[in-house]
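Here is the structure we will look at.
The values are calculated or read from the model by the stated rules, or taken from the named source; none is laboratory data. Please read these numbers as outputs of a predicted model, since none were measured by experiment. Heads up, the Cβs are rebuilt from the backbone with ideal geometry, glycines too, and the neighbour counts pull from every protein chain shown. Ligands, DNA and RNA are excluded from the accessible area calculation, which covers all protein heavy atoms including side chains. Shrake-Rupley method; radii C 1.70, N 1.55, O 1.52, S 1.80 Å.
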Amino acid sequence: KFWVCKRTPPLVAETLECLGGNGYVEESQLPRLFRESPLNSIWEGSGNVNALDVLRAVEKEPEALEAFLAEVQLAPELDGAVARIRAELAEPDGLEGRARRLVESLALALQGSLLVRHGDPAVAEAFLASRLGDGGAVYGTLPPGLDLSAIVDRHRPRLDG
């Protein structure tokens, strides 16, 4: 819940920006989605509450965290992310203040692991580079050297049938 609530507003804003004026006019559903996307955090609970809920769950049932990390580690490319998560948890002082960062790291690690294991290799590589590497927080801030044409090509409509 935390991650979806935090990522939806910027995703909808980026979508609106990509469509330009066509996305802004009230005849489409996008302006309503843009206005309502921040409400997810109200309906689903604030980010702080969700993040603290994760900390409580980890404290109450540490085996759940181990199961989560075992799932993430099915993709060896995520070993560094798992090590950073373990290091974050190993420093209990001020953990509540870092809960949002921890939950973000958990979400990104799981996304990355799922993409590496089940997604398109070019998409997985771009995700890891932009979200777990030196990429920026804004959509489209990708480092050089990625196979972006493969990503675009897989989304291009096929005219042959």
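Listed values, structure above:
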| quantity | calculated |
| --- | --- |
| Nearest-0.05 FRET efficiency for V138 and A90, computed from C-beta distance (R0 25 Å) | 0.20 |
| Efficiency of FRET from Cβ geometry, E77 and E17, R₀ 41 Å, rounded to 0.05 | 0.85 |
| Accessible area (Å², per residue) of the range 1-125, counting only protein heavy atoms and a probe of 1.4 Å | 61 Å² |
| Label point distance in nm, S149-I42, each placed 7 Å from Cα along Cα→Cβ | 4.8 nm |
| Relative contact order, percent, the chain [alpha-carbon distance under 8 Å, six or more residues apart] | 17 percent |
| Estimated translational D of the range 33-104 in µm²/s (Stokes, Kirkwood radius over Cα pairs; 20 °C; 1.002 mPa s) | 157 µm²/s |
| Overall form of the chain per C-alpha gyration tensor (a/c, 1.5; a/b vs b/c) | oblate |
| Most mobile listed residue (Q73, Q29, Q111) in the chain, GNM with C-alpha springs under 10 Å | Q29 |
| Among G23, G145, G136, residue whose mean-square fluctuation peaks in a GNM of the chain (springs only between Cα atoms under 10 Å) | G145 |
| Where W43, W3 fall by accessible area, highest first, once all protein chains stay in place (1.4 Å) | W43, W3 |
| Size of electric dipole in the chain: Cβ of Lys, Arg +1 and of Asp, Glu -1, about Cα centre, debye, nearest 20 | 260 debye |
| Crossing angle, helix 47-60 versus the chain [Cα axis fit, 0-90 degrees, rounded to tens] | 40 degrees |
| Value at 222 nm in deg cm²/dmol, rounded to 500, when DSSP H runs of n ≥ 4 in the chain each add -39,500 (n - 2.57) | -19000 deg cm²/dmol |
| Max mean-square fluctuation residue, GNM over the chain, Cα-Cα springs under 10 Å, options V123, V138, V25 | V25 |
| Sulfur and carbon atoms: percent of accessible area, the chain [1.4 Å] | 58 percent |
